[in-house]
Each structure stands twice: as structure tokens, then as C-alpha cells.
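Structure record follows, encoded as C-alpha cells.
The values are calculated or read from the model by the stated rules, or taken from the named source; none is laboratory data. Keep in mind it's a predicted model, so treat the numbers as computed, not measured. Cβ coordinates were reconstructed from backbone atoms using ideal geometry, including for glycine residues, and neighbour counts include every protein chain displayed.
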Amino acid sequence: MPIEMDADSLEAKIIKILMEGRPLTLEETAEELKVSASRVKRAVKGLVSRGIIEVQELPDKKYLRLKRSDIKFHGTNPTQEKKIKKKKGKKDEEEKGSEKSREMMYR
């Protein structure tokens, strides 16, 4: 059964980087995602506890390795997002005011 994750979460971003296949350390992952190393460590700890990734400790560095590849990402589809309604504001009122002034000019 595949693991489902929100596509915008930090954990999902880490997994997507690891799916590319290149070995990364915690620090390199933090630099690539432009977040602090402590946030990456916290997310990695959760992924390790769920058995999704593994940390390979070498004498000088800790590398991340993906253990499972049956991960499904979900999120909002651009066609499902609500469209923003524009407010009627001063511009509409100004247009009505200018129409009234035009009517008076031509009477």
C-alpha cells in the first residue's frame, strides 16, 4: 500500500530530492531546500521513524537514503483552486460618477 503525502510539506520535498538518486547529506539537503539544518533534521527523524528513509552514518558525514519508493504525493490541482473574486471598489464608483458628470454636460 503506497504512502500518501502532501506535496507541499518539507518531508515530501526531501523525498523528491532523494528520488533523483544522488546521495545527499543533511546539510546539502538543507541548502538545496533553503531551510535550516535543524528543520531538516526534525523532518528526517520523522521519516526515519516511519521507515521511509534511512540515515547512513560515515565517520565524517551522514547521508540520506530512500528505503521505499511507493510514495504517492497529493495536493491541490490548479483547476480545483478557487478563483479570486475581484472587489468592486472605488474604480467602479468613479466610473459611475464620471457617467453622471457626462450626462450633466450634455443636457
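Check whether at least one residue in region 61-72 is surrounded by fewer than 10 Cβ atoms within 10 Å (Cβ to Cβ) and modelled with pLDDT under 85, and report yes or no. Break it down into steps so the answer makes sense when it comes.
In the first step, residues of region 61-72 are kept if they are surrounded by fewer than 10 Cβ atoms within 10 Å (Cβ to Cβ); the result is 70.
In the following step, the residues that additionally are modelled with pLDDT under 85 were identified as 70.
Looking for residues that are surrounded by fewer than 10 Cβ atoms within 10 Å (Cβ to Cβ) and modelled with pLDDT under 85, one finds at least one in region 61-72, hence yes.
If a residue must be in contact with a Lys or Arg (Cβ under 8 Å, 6 or more places away or on another chain) and touching a residue at least 24 places away in the same chain (Cβ under 8 Å), how many such residues does region 43-54 contain?
Of the residues in that region, 2 qualify.
In region 1-49, what residues are among the charged types (D, E, K, R) and under 19 Å from His74 (Cα atoms)? If you could, list the steps in order and put the result at the bottom.
Looking only at region 1-49, we keep the residues that are among the charged types (D, E, K, R), and these are 4, 6, 8, 11, 13, 16, 20, 22, 27-28, 31-32, 34, 39, 41-42, 45.
Within region 1-49, Glu4, Asp6, Asp8, Glu11, Lys13, Lys16, Glu20 qualify.
Please identify the pairs in which a residue from region 11-38 that is at positive phi has its Cβ atom under 7 Å from the Cβ atom of a residue that is part of a loop (DSSP other than H, G, I, E, B) and at pLDDT 90 or above, counting only partners at least 6 apart or on another chain.
Going by the 7 Å Cβ cut-off, there are no qualifying pairs.
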